[in-house]
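See below for the structure under consideration.
The values are calculated or read from the model by the stated rules, or taken from the named source; none is laboratory data. Because the structure is predicted, anything quoted here is derived from the model rather than measured. Note: ideal-geometry Cβ built from the backbone for every residue, glycine included; neighbour counts use all protein chains shown.
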Amino acid sequence: MKCCIECSYGEVIDKLTILTIKLMRVEDPVQKRNIQKEYDKLVPMARKDDESYDALFQRLLAVNKKLWMMEDFIRMKSSKREFDQQYLACAEGIHRTNDERYGIKRQINRAFKSEIVEEKIYKGFAGPADAGAVSGVGPAGGVSRAGGVSRAGGDSTGRLSQAKACFKNGDYGEAERLLRKVADAEDFEMNKKCAGDTRVSMHILLEAQNRGDESLTQLAEVAEHAGDYFPDKAQADHARLTYGRALLRRGDYTAGFPYYKYANVVRVQGGRHRVCPDTMSYLGADDSGRTQLVYASGGLGDAIMFARFVKPCVEAAADGNNRVVFLVCDPLRWIFEELCSGFAHAVVVPESQRDRLPPYEHHTNIAMLGVFLGFTDKDYLEFRSPFLCRMSSRWWQPTLDVDEIIDPGRLNVAINWHGNYANAHERHRGMDLKALSPLFDVSGVSWLCVQKEVIPEDAAFLREKGIRDLSDVIDNAGDAFRDTIELFRKVDLVISTDTSILHVAGSGATCAWGMLTFSAEWRWGGGDTAPWYPSVRLFRQAKIGDWASVVQRVKAELARKVACRSSLALPVSLLSA
């Protein structure tokens, strides 16, 4: 039996993205066959000939991946009967993300003139401001009066919500216009929460346009009095972290890093464990026989970047016969164990065994180690040496035959164009694989795909271009980057967007080129070289969303690199002489 029904075009593309996700995750061969059959039936309906299709498809795919992960999380919490704040926050996030999903489907319907249009009849979610908040600038360049409810009774709140939606959709001009209206309300200062929300949001909006200096002073005021502006502690901490990142982006590490305690993403709860930013502490001069817990402050890239502080931390703890326990994500356990090898007082515990953590007197996230160790701006950048290069060979047990992959006759280049599709930031940091097409026209290059998450359409494109796709064979033994690091020791170049791959390449002194957005994250500085990674060269967008100029510059430099390599190669006649 087969049913045929008419539906909106947005619904068709939505279904395609969901089937794409299923194909990436399914393991059962029978299920995979059924999903593939359904996918193949729908693919012909994709309007790949239209230049707007890919961008809309990728946006909807990213949103549905995010929803998938949130649904997995909330089911896990439900199965454990844990209806706590994390459960509620996830439920609220699902509402917001579904609204975003609906908005993209509406855009698809408009773009392709769908005769059938899906209508949403429930009210949109109006929850607390999230990390994508936006805010308004006053006449002097800063936020004038920051965020209250106007006489129209709720107009300011509504405009603030609209501004956030515009920001998320990339309409920065309209977002700023709405925020100015919020800031110009006569009773703006009467609602402290709306004022703080507006000021923090405006800074995020302006920072995305490299105009953050305009709002920095008023952001500092909100961060200093965050508790007065935000009754909700999570929002107050977000304001503080936003200010800290603004300082770090300007190279003021000594002043900025103390705010990184609010980037605490690990919560060790239950029994004796009570981890939160306000109770962070570190071993003191008089401590002896005490235990210091150190845990994550971000994703895999952050863990790799801040792992440079492990050795000075462990060495300092030895003076008082103290112990350091590192709580790390399971895939990075092997790297931290190597960094701690030779130190009997250093212990590495994977997150899957966090219930076995020993008692501890002090705790901090890994990014705060420099603060507690008393680093100056100069001290931070002195820890730039590529520590992955110094790892003992006894730790290397790659599952990949790297020598078989390397082509000695060509320039070997590893490529990565997108990070975790479930990460909301990847909508801007990642790029469409097809945008890299000009690079693949450069002759004399052996391309190696090291991206782990490759959607079916990209896999087909890689095959079409003759690019070796290592996504299914690299780092499959459970240890993150074990094969990747070994491969990076042999390749000539790594080209990647802002993902953990750049951190791995830089920490291993591998020659790498980073393709960055117009307003990249603080750790990449503002120049053509990475302050934290001497071997990484940076190519930035000339304007927001302009990947084409980045690719053209990278292509020109790549062609020069190939030509230089060819000119250095000895003629066969000389080799045989």
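Leu42 falls short on exactly one of the conditions (1) without any contact (Cβ under 8 Å) to a residue 24 or more places away in the chain; (2) over 19 Å from Asn420 (Cβ atoms), and that condition is (1).
Counting only residues that are closer than 19 Å to Met305 by Cα, modelled with pLDDT under 80 and in a helix (DSSP H, G or I), segment 388-409 holds 2 of them. The sole residue among Val536, Val551 that is hydrophobic (A, V, I, L, M, F, W, C), within 24 Å of His428 (Cα to Cα) and touching a Pro at 6+ places or on another chain (Cβ under 8 Å) is Val551.
Of all residues in segment 451-480, those satisfying the criterion of being in contact (Cβ under 8 Å) with a residue 40 or more places away in the chain, farther than 16 Å from Ser496 by Cβ and of a type in the set (Asp, Glu) are Glu457, Asp479. None of Arg240, Arg245 is under 30 Å from Ala530 (Cβ atoms), part of a helix (DSSP H, G or I), in contact with a Phe, Trp or Tyr (Cβ under 6 Å, 6 or more places away or on another chain) and in contact (Cβ under 8 Å) with a residue 40 or more places away in the chain except Arg245.
Within segment 326-348, the set of residues being surrounded by fewer than 19 Cβ atoms within 10 Å (Cβ to Cβ) and not acidic (Asp, Glu) comprises Cys329, Pro331, Ser341, Gly342, Phe343, Ala344, His345, Val347.
Taken over segment 421-461, the residue count meeting the criterion of being farther than 21 Å from Leu538 by Cα and in a loop (DSSP other than H, G, I, E, B) is 10. Taken over segment 218-244, the criterion of being surrounded by fewer than 21 Cβ atoms within 10 Å (Cβ to Cβ) and within 26 Å of Lys543 (Cβ to Cβ) is satisfied by no residue.
For segment 443-480, the set of residues classified as in contact with an Asp or Glu (Cβ under 6 Å, 6 or more places away or on another chain) and closer than 20 Å to Ile335 by Cβ consists of Ile474, Asp475, listed by residue number. Here the condition is being under 29 Å from Phe488 (Cβ atoms) and within 27 Å of the chain's Cα centre (by Cα); of Ser385, Ser341, it holds for Ser385 alone.
Identify, please: which residue in segment 60-119 is acidic (Asp, Glu) and part of a helix (DSSP H, G or I) and is, among those, farthest from Asp432 (Cα to Cα)?
The selected residue is Glu92.
Based on what the data block shows, is Thr198 out of contact with any His (no Cβ under 9 Å at 6 or more places or on another chain) and surrounded by fewer than 19 Cβ atoms within 10 Å (Cβ to Cβ)?
On the way: out of contact with any His (no Cβ under 9 Å at 6 or more places or on another chain): yes; surrounded by fewer than 19 Cβ atoms within 10 Å (Cβ to Cβ): no.
No.
From the residues in segment 269-314 that are β-branched (Val, Ile, Thr) and farther than 22 Å from Ser352 by Cα, which one is modelled with the lowest pLDDT? Top of the filtered list is Thr279.
Determine if segment 176-189 includes at least one residue that is part of a helix (DSSP H, G or I), under 22 Å from Tyr260 (Cβ atoms) and under 26 Å from the mean Cα position of the chain (by Cα). I'd like the intermediate steps shown before the answer.
Pass one, segment 176-189, residues part of a helix (DSSP H, G or I): 176-183, 188-189.
Next, only the ones that are under 22 Å from Tyr260 (Cβ atoms) stay: none.
Within segment 176-189, not a single residue is part of a helix (DSSP H, G or I), under 22 Å from Tyr260 (Cβ atoms) and under 26 Å from the mean Cα position of the chain (by Cα).
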